[in-house]
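The values are calculated or read from the model by the stated rules, or taken from the named source; none is laboratory data. This is a predicted model, so every value here is computed, not measured. FYI the Cβ positions are ideal-geometry reconstructions off the backbone, even for glycines, and counts take in every protein chain you see. All accessible areas refer to the heavy atoms of the entire protein, side chains included, with ligands and DNA or RNA removed. Shrake-Rupley method; radii C 1.70, N 1.55, O 1.52, S 1.80 Å.
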Amino acid sequence: MKRLLALEWSKISSYGFFRVILILTLSLFLLTVFVFSRVDISVPGFTWRNLFRFPDVWKSFAWVASWFNLLLGILVITVAGNEYSGRTLRQQVMTGLSREEWLAGKGMLIIALAIFGVAMVSLSGLIFGFIYTGDLSTGMIFKNTGILLVYFLQATGYMVLGLLFISLFRSNALSIIMYLLYFIMIEPILRGLCPAEARSWFPVKIISHLTPLPEFVQVTSGDAMSANQLTLEGMGIMPRQLDSTTTIIAALVYIMLFASITYLLVKRKDL
Amino acid sequence: MILETSNLSKSYGPIKAADNISLSVEKGAAFGLLGPNGSGKTTTLGIVMSVLRPDSGSFRWFDREPEPALYKRIGSLIEVPNFFNYLSLRRNLEVIARIRETDMGEIDRVLDHTGLLKRASSRFDTLSLGMKQRLALASALLGNPEVLVLDEPANGLDPEGIAEVRKIIIEQKALGKTIIMASHILDEVEKVCSHVTILKKGNTLASGKVDELLVSDQVIVVDSGDNEALKKGLMEKGLVKSAEIKGGMIELVAASGVSTSIINRFAGEKGININQLFIRKSTLEEQFLELVK
């Protein structure tokens with residue numbers, strides 16, 4: 001395990017593109033939440049800044065962070081894809097690395113990147129939370145932090161799907177295009193062709209629903225009207241969704257499925 | 001036995017890249033895989049290095065079923081040097097050293113050995129083709145593996161580079177390493193290898209010791225008053241291994257210990273005049289071309 005981590009580190013530590021994507025993700029995320037925090041919506045009875053208070057800040061930030069998961073997915077495609085196109089994977093196998101070990105190394109990279117994402121959300125969430133929250137009882141600070149784990153799962157899902165695409169297509173350009181198309185066109189079209197009750201069960205739908213749009217009506221109203229009719233679903237703004245436990249279980253199943261297909265592709269194909 | 005393959009076959013669509021290839025390489029041998037481009041050398045090596053899956057057949061390394069970790073004992077260079085473009089030479093070798101679990105101190109040693117130490121911090125994509133090839137050789141030598149599998153090791157090198165690479169390979173051979181080398185250059189195989197298998201279009205044409213298979217026989221050319229009678233006489237007497245009449249002259253390969261003067265005397269005894277008698281050295285290239293025709 002230590003050997004594989006050190007191996008991955010040797011490959012990426014001086015790779016410029018890798019650093020650029022990480023810095024880009026981090027700065028775009030920080031800029032986005034900063035800009036959002038400055039938005040001034042003055043509707044009587046609704047306070048925008050509630051979205052940045054403990055404990056709601058966790059859900060808001062996890063949701064914003066989820067926009068950048070595609071970048072992490074593309075990063076994984078590129079890093080793994082370089083090893084296909086430069087045939088360094090082939091050389092590594094000839095040098096004594098098993099295909100399973102190679103895949104395990106990529107798994108560790110994915111986990112490390114997901115941890116990076118969680119750290120990004122946690123630290124910025126803490127900072128904004130402290131700034132915007134008047135009542136700083138510890139119970140409030142750590143409430144809802146479970147969403148960080150869910151975000152971790154989501155980022156992992158995006159990246160594992162990226163790994164699946166590059167193992168299938170073996171070309172960076174094609175994999176990135178297919179990956180993005182799958183998210184923005186292919187799956188939505190397929191969903192549209194399916195009956196309504198099946199639509200919530202598609203992988204991208206499930207994985208992106210892990211960090212749902214915050215219930216901003218409810219939150220900004222300060223929970224004053226603790227009524228279910230203020231949920232986005234209840235008001236008909238969002239379609240009916242699966243509950244969070246079901247979504248998490250389904251996402252786990254999909255991630256394991258993607259990982260298994262990737263394993264078979266890496267194991268079986270010529271290098 | 002270091003490597004044994006039995007009936008390895010692999011097709012790409014209608015093209016049989018390797019057809020029933022069986023080889024065996026003994027410990028300490030320098031084994032050549034000779035053949036023109038597209039004869040199946042790289043496919044065969046790719047299969048035994050576990051990066052290509054054979055359609056049928058099997059192989060064993062070190063008398064064991066192949067398993068990934070076993071390749072740590074084998075230094076390899078197949079086709080072109082494959083390295084991370086954006087990493088320095090040292091970093092690239094670090095990747096190899098981590099896989100092979102060898103001492104990082106080895107890296108500078110092999111870089112020095114291949115004359116690349118000065119460039120250790122350069123990015124791989126700034127190297128010339130010849131230097132890339134040398135780095136590949138350095139990487140194959142990293143960790144002092146007991147077997148070297150080299151595919152066209154002199155590819156892209158200038159004459160000086162070829163000589164250096166050959167020197168390194170011969171050095172490794174002298175250290176008791178087993179060398180498995182594919183090449184389309186006969187001279188390379190002849191200078192390095194003790195055993196050879198000749199491939200053509202995926203098929204094995206010939207296999208054996210280099211000095212038996214690719215022996216550079218002297219051809220004696222004779223023109224006499226009666227070529228037919230002389231040829232017949234020489235063959236009956238057992239003075240020649242082979243003889244044929246080509247372009248009005250006898251081309252013969254003499255039996256061992258038979259010199260031109262013996263042939264001259266024999267003709268005199270038979271009363272046949274010798275008009276011309278000379279030795280022509282047939283080149284290995286000619287024999288190779290003859291074999292793969």
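Within the range A:79-103, the set of residues being surrounded by fewer than 24 Cβ atoms within 10 Å (Cβ to Cβ), over 17 Å from B:R91 (Cα atoms) and more than 7 Å from every other protein chain (Cβ to nearest Cβ) comprises A:Y84, A:S85, A:R99, A:E100, A:E101, A:W102, A:L103.
So that you can scan it fast, the table gives a plain yes or no per residue for (1) touching a Ser or Thr at 6+ places or on another chain (Cβ under 6 Å); (2) outside the structural domain of B:V196 (by TED's automatic domain parsing); (3) at positive phi:
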residue: B:R53; (1), (2), (3): no, no, no
residue: B:L70; (1), (2), (3): no, no, no
residue: B:V80; (1), (2), (3): no, no, no
residue: B:F84; (1), (2), (3): yes, no, no
residue: B:L111; (1), (2), (3): no, no, no
residue: B:G115; (1), (2), (3): no, no, yes
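Assess whether B:F83 counts as being hydrophobic (A, V, I, L, M, F, W, C), away from chain A (no Cβ under 14 Å) and crowded, with 23+ Cβ neighbours inside 10 Å. No; evaluated as a whole, the condition is false for this residue. For the range B:1-50, residues that are loosely packed, with under 15 Cβ neighbours inside 10 Å, hydrophobic (A, V, I, L, M, F, W, C) and assigned to a strand (DSSP E or B) total 1.
Among the residues making up the range A:99-154, those that are touching a Phe, Trp or Tyr at 6+ places or on another chain (Cβ under 8 Å) and under 30 Å from A:I12 (Cα atoms) are A:E100, A:L103, A:A114, A:I115, A:G117, A:V118, A:M120, A:V121, A:S124, A:G125, A:I147, A:L148.
Would you pick out the residues in the range B:137-159 that are of a type in the set (S, T, N, Q), buried (at least 23 other Cβ atoms within 10 Å of the Cβ) and over 20 Å from B:D112 (Cα atoms)? Matches in the range B:137-159: none.
Results for (1) at pLDDT 90 or above; (2) assigned to a helix (DSSP H, G or I); (3) surrounded by fewer than 16 Cβ atoms within 10 Å (Cβ to Cβ), shown as yes or no for each residue.
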residue	(1), (2), (3)
A:L24	yes, yes, yes
A:I41	no, no, yes
A:N50	no, yes, no
A:F54	no, no, no
A:K59	yes, yes, no
A:A62	yes, yes, no
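Selection within the range B:187-212: residues that are of a type in the set (S, T, N, Q) and open to solvent by 10 Å² or more (accessible area, probe 1.4 Å). The member of this set that is nearest to B:I168 (Cα to Cα) is B:S194. Figure legend. Inter-residue proximity from the range A:9-21: first residues at the interface with another protein chain (Cβ under 7 Å from one of its Cβ atoms), second residues of a type in the set (F, W, Y) and crowded, with 16+ Cβ neighbours inside 10 Å, beta-carbon distance below 6 Å, spacing 6+ or different chains. Indicated pairs: A:Y15/B:Y86. A single entry from A:K106, A:K143 fulfils the requirement of being of a type in the set (D, E, K, R) and either in contact with a Lys or Arg (Cβ under 9 Å, 6 or more places away or on another chain) or exposed (fewer than 15 other Cβ atoms within 10 Å of the Cβ) (or both): A:K143. Checked against (1) within 25 Å of A:T95 (Cβ to Cβ); (2) open to solvent by 20 Å² or more (accessible area, probe 1.4 Å), B:E251 passes all but a single condition, namely (1).
Screening the candidates A:S10, A:S37 for the property of being buried (at least 19 other Cβ atoms within 10 Å of the Cβ), assigned to a helix (DSSP H, G or I) and either of a type in the set (S, T, Y) or out of contact with any Pro (no Cβ under 6 Å at 6 or more places or on another chain) (or both) yields one hit, A:S10. A residue that is at pLDDT below 95, open to solvent by less than 50 Å² (accessible area, probe 1.4 Å) and not in a helix (DSSP H, G or I) cannot be found anywhere in the range A:110-129. With the structure loaded, tell me whether A:F165 is closer than 28 Å to A:A119 by Cβ, modelled with pLDDT of 95 or more and either open to solvent by 40 Å² or more (accessible area, probe 1.4 Å) or not in a helix (DSSP H, G or I) (or both) or whether it fails that test. No; evaluated as a whole, the condition is false for this residue.
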